[in-house]
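Peer 1: Let me give you the structure first, and then I'll get to my questions.
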């Protein structure tokens, strides 16, 4: 095996897949159905303080989300509260694909992924599942581990933007951020100026979208492969097919959105 390949023991992130049983999640639709005007004080900082509630909770992806807009930008906020889902998002990111409603349209969809890093952190799930609470120091270290390696945002199909990615510190107005809070919820926020996606939006302000949790890439192209096994932690959960499949299998939802006036 080449030295450049990092062997990531799946036991470091072993978990039992449990769908969060939250009263508010049960009351929400699985797919957002409403147009939402973005808050005037919105900040892309990974803190969902501007949002009184989320518009949907999707069981297949195990996250809350809201899509909204103002006159200039389209916004996405996603929050996951289950450690396994958080790990899956961190390892492969969420790809937000925006496309024309016409299935026969030849217009190239816009796809943006966050978070994205070449070398994914290996102990995110372990830290979250083995600590009932996180100290300021632990939280700071975890967020540094998650966000520190992010240098770019994969982006394709955006009007007037060449290449397949942009810097996380770009001056294009495209912003993304994500942090874990003291409740061990991971929130990511994304802002995309409408001028970069106007080609896929119809005359009535409608477009289709897909939110996909990519999961861990096992091809080895980013220097990571997954092997079975049991970790050094005596109480570690043995690796099972269902656990491994959850982590590496992409899940997604499809919906449509109309720009709020």
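The values are calculated or read from the model by the stated rules, or taken from the named source; none is laboratory data. No experiment lies behind these values; they were computed from the predicted model shown. For neighbour counting, all protein chains shown are included, and Cβ atoms are generated from backbone atoms with ideal geometry for every residue, glycine included.
Peer 1: Looking only at the range 195-213, how many residues end up being touching a residue at least 24 places away in the same chain (Cβ under 8 Å), loosely packed, with under 15 Cβ neighbours inside 10 Å and out of contact with any strand residue (DSSP E or B) (no Cβ under 6 Å at 6 or more places or on another chain)? Explain how you work it out, then say what you get.
Peer 2: So the first thing to find is which residues in the range 195-213 are touching a residue at least 24 places away in the same chain (Cβ under 8 Å), and the list is 195-202, 204-213.
With the extra rule that they be loosely packed, with under 15 Cβ neighbours inside 10 Å, the set shrinks to 195, 198, 202, 204-205.
Those left that are additionally out of contact with any strand residue (DSSP E or B) (no Cβ under 6 Å at 6 or more places or on another chain): 195, 198, 202, 204.
Selection size over the range 195-213: 4.
Peer 1: Can you pull out the strands (runs of 3 or more DSSP E) entirely within the range 79-192 that have at least 2 residues that are touching a helix residue (DSSP H, G or I) at 6+ places or on another chain (Cβ under 6 Å), modelled with pLDDT of 95 or more and more than 26 Å from residue 254 (Cβ to Cβ)?
Peer 2: It comes to 175-180.
Peer 1: Determine the pairs where a residue that is loosely packed, with under 15 Cβ neighbours inside 10 Å, located within the range 162-173, has a partner that is outside any loop (DSSP other than H, G, I, E, B) with Cβ atoms under 6 Å apart, the partner being 6 or more residues away or on another chain.
Peer 2: The qualifying pairs are 164/156; 167/152; 173/193.
Peer 1: Can you say whether residue 208 is assigned to a strand (DSSP E or B) and either on the phi < 0 side of the Ramachandran plot or modelled with pLDDT under 50 (or both), as far as the supplied structure shows?
Peer 2: Yes.
Conditions (1) surrounded by fewer than 20 Cβ atoms within 10 Å (Cβ to Cβ); (2) out of contact with any strand residue (DSSP E or B) (no Cβ under 6 Å at 6 or more places or on another chain); (3) free of Cβ contacts under 8 Å to residues at least 12 places away in the same chain; (4) closer than 30 Å to residue 245 by Cα, marked per residue:
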| residue | (1), (2), (3), (4) |
| --- | --- |
| 39 | yes, yes, no, no |
| 63 | no, no, no, yes |
| 79 | no, no, no, yes |
| 88 | no, no, no, yes |
| 93 | no, no, no, yes |
| 114 | no, no, no, yes |
| 117 | yes, yes, no, yes |
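Peer 1: Right, something else. Name the pairs whose Cβ atoms lie under 7 Å apart, with the first residue in the range 126-137 and over 13 Å from residue 181 (Cα atoms), the second loosely packed, with under 10 Cβ neighbours inside 10 Å and at pLDDT 90 or above, and 6 or more positions between them or separate chains?
Peer 2: Final answer for the pair search is none.
Peer 1: From the list 216, 155, pick out the single residue that is over 30 Å from residue 53 (Cβ atoms), touching a residue at least 12 places away in the same chain (Cβ under 8 Å) and surrounded by 20 or more Cβ atoms within 10 Å (Cβ to Cβ).
Peer 2: 216
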